[in-house]
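Structure first, commentary second.
The values are calculated or read from the model by the stated rules, or taken from the named source; none is laboratory data. This one's a predicted model, so the numbers in the text were calculated from it and none came from an experiment. Don't worry about glycine lacking a Cβ; one is built from the backbone with ideal geometry, like all the others, and counts go over all protein chains shown.
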Amino acid sequence: MKKILIITNMYPSKRYPHYGIFVKHTTEVLQSVGNKVDVSCIGKKKGKISKVCAYLIFYLSTVCKIMFGNYDILYLHYVSHTAFPVLLTAKFKRVHIVANVHGNDVIAETKSDEKYFGMVRKLLAKASCVICPSSYFQESVMNNFSVSRNRTIVYPSGGVDTDFFIDMDRQDALKHFDLDSGKTYIGYVSRIEVNKGWDIFVKAGKRLISEDDNIRLIVVGDGAQTKEYERLIDELDIKEYVYKYDLLPQSEIRYIYNLLDVFVFPTYRRSESLGLVGLEAMSCKAITVLPDKYGPTSYGVDNLNSFVFNSGDAESLVRAIKRALNSDEKKSIAENARNTAIQYNHQNTDDVLVSCFSKL
């Protein structure tokens, strides 16, 4: 048995039950094999002052736990925002470090992301193991941060619960949201953030609606660009064709996947490490459209388990959605999608995580 401290700036709460849910899963996996696991975390905060105060408390609490907790392993999620207290105490406490990198931890989306790279580089140099969500991310970590392959493993952010994300009766799913069964539904489930592709999705939706007013868009998500999203919806004059849900628990999201005619994951983030929502949708046998770059390339294969479009290209996305809607191979593609998701099932991936910690 090992004593492990998980240090993370993303963890679920009652108000935000889906926020950092994959971090909670790793906690439960490590506990299930007999480890004693504590968590030092910060939940989702809104407002600059609230965030600054929360981080000060989080860092102080983490330093105290490291110094007085007698831990065998420190396990960091989102290294860019959790490295500081670990580096601060490293001179006084010799403890194994496991770093789980995500998103813009190691691939910058904006100039402001790069300001953390100095700390990230120092932290990764001290880490006994660096966990990467995909092979795409593993290569990036090795090439850009001089981390040797033998110090990295690929573990897909907790994987997918394929016993939970299952195909259900579509009519039941439509009734669950009181939606008209005579419409065609195209969906987006992700944050409304820079480069997540919500803008590409909305523009493609406008094109499709102009050709077929039976089409409806379903958007599930919230984020820093919500006002920009609302402005674009108004500018394109498609508000009456869009159903928007800010935050939904996973128990509701699986109904969304099941009622859709096409699920679109349009991200064009270089830092998209994997994209679990794509795998969740595929687990529900949703007909899925994916980009041809970054994390989703780890599992999406055009005309086999999904339909692939040119990342960031709204016209290409329109063509891919039309292919998906008109395909004669939907049944086999849905089955292949489900089989792909099963490869990422918790039971097929959690052993990788457990093995990493058992070797330290």
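Residue by residue, here is whether (1) at pLDDT 95 or above; (2) more than 15 Å from the chain's Cα centre (by Cα); (3) among the acidic types (Asp, Glu) holds:
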| position | (1), (2), (3) |
| --- | --- |
| Arg231 | yes, yes, no |
| Tyr241 | yes, yes, no |
| Leu247 | no, no, no |
| Glu252 | yes, yes, yes |
| Phe265 | yes, no, no |
| Arg270 | no, no, no |
| Gly278 | yes, no, no |
Checklist line | Conditions (1) over 24 Å from Tyr75 (Cβ atoms); (2) surrounded by fewer than 22 Cβ atoms within 10 Å (Cβ to Cβ); number of the one not met by Met119 | finding: (1)
Item checked: Residue pairs meeting the criteria (Cβ under 6 Å; at least 6 apart or on separate chains; first in contact (Cβ under 8 Å) with a residue 12 or more places away in the chain, in region 175-191; second crowded, with 16+ Cβ neighbours inside 10 Å and of a type in the set (Lys, Arg)) -> Lys183/Arg216; Tyr185/Arg216; Ser190/Lys196
Checklist line | Only listed residue being assigned to a loop (DSSP other than H, G, I, E, B) and either surrounded by 21 or more Cβ atoms within 10 Å (Cβ to Cβ) or in contact with a helix residue (DSSP H, G or I) (Cβ under 9 Å, 6 or more places away or on another chain) (or both), chosen from Phe92, Phe84 | finding: Phe92
Notebook entry, point to check: assigned to a strand (DSSP E or B), buried (at least 21 other Cβ atoms within 10 Å of the Cβ) and touching a strand residue (DSSP E or B) at 6+ places or on another chain (Cβ under 8 Å) - does that describe any residue in region 8-21?
Noted result: yes
Next item on the list: Please work out if Ala286 is buried (at least 23 other Cβ atoms within 10 Å of the Cβ), of a type in the set (A, V, I, L, M, F, W, C), in a loop (DSSP other than H, G, I, E, B) and in contact (Cβ under 8 Å) with a residue 24 or more places away in the chain.
Entry: yes
Next item on the list: Check Lys293, Lys322 and return the single one that is among the basic types (Lys, Arg) and more than 16 Å from Gly205 (Cα to Cα).
Entry: Lys293
Next item on the list: Please name all residue pairs, on different chains or six or more residues apart, with Cβ atoms under 8 Å, provided the first residue is in region 202-230 and is in a loop (DSSP other than H, G, I, E, B) and the second residue is charged (D, E, K, R) and modelled with pLDDT under 95.
Entry: Gly221/Arg191; Gly221/Asp246; Asp222/Arg191; Asp222/Asp246; Gly223/Arg191; Gly223/Glu193; Ala224/Glu193; Gln225/Glu193
Check: How many of the residues in region 172-187 are surrounded by 22 or more Cβ atoms within 10 Å (Cβ to Cβ) and either out of contact with any Gly (no Cβ under 7 Å at 6 or more places or on another chain) or part of a loop (DSSP other than H, G, I, E, B) (or both)?
Finding: 2
Check: Right, Val106: touching a helix residue (DSSP H, G or I) at 6+ places or on another chain (Cβ under 8 Å), aliphatic (A, V, I, L, M) and surrounded by 21 or more Cβ atoms within 10 Å (Cβ to Cβ) or not?
Finding: yes
